[in-house]
Amino acid sequence: VIPEHLEEMGAFTRWFASGKLDTKWSLNQIKEILRAKASSQTLFLVLDRLVQLAGEYPTDVVECIGLLVENTVIGEGRWVLDSKDIRKAFESVLAATKEGPVLTNVERVINRLGTLGFPWLYELRPLADELRKRLQSTSQ
């Protein structure tokens with residue numbers, strides 16, 4: 001990804017959020033944008049759309065949320081990460097899949113939020129408890 005194109009790529013978030021593009025293609029594009037660490041004042045729209053897609057595309061959604069978390073720098077970008085949206089997305093993921101790797105990625109993202117010191121992490125505790133139970137049952 002060419003750094004000069006990051007601003008343009010950030011503008012793609014509006015198209016992604018609209019839901020008017022092919023879903024799988026647009027998920028792949030938004031992952032590339034997030035991997036390139038494109039900044040945009042519309043990144044909150046990405047999370048809103050990911051919540052809508054979590055049940056149908058759990059693997060992609062968890063990966064995108066993980067990238068959003070990794071792109072968050074202490075003191076910058078925290079407004080993008082809303083506990084209610086992340087909780088809704090992860091609840092949909094848990095309802096949609098029992099796949100160990102996806103559940104492990106959800107756990108990794110929650111743990112990363114903890115290491116970044118997000119103050120609302122306690123709101124995800126019930127979800128994390130359910131996740132641990134499921135991971136234990138899949139490993140038996």
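The values are calculated or read from the model by the stated rules, or taken from the named source; none is laboratory data. Because the structure is predicted, anything quoted here is derived from the model rather than measured. Every residue, glycine as well, gets a Cβ built from its backbone with ideal geometry; the counts of neighbours run over all protein chains shown. The protein model used for the area step is the full one, side chains on, heavy atoms only, and it has no ligands, DNA or RNA in it. Shrake-Rupley method; radii C 1.70, N 1.55, O 1.52, S 1.80 Å.
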Between beta-carbons, use under 12 Å as the cut-off and find the net charge around LEU103, counting Lys and Arg +1, Asp and Glu -1.
+2
With every protein chain kept in the model, how would you rank TYR57, TYR122 by accessible area, 1.4 Å probe, largest at the top?
TYR122, TYR57
With every protein chain left in place, what is the accessible area of ARG87 in Å² (1.4 Å probe, nearest 10)?
70
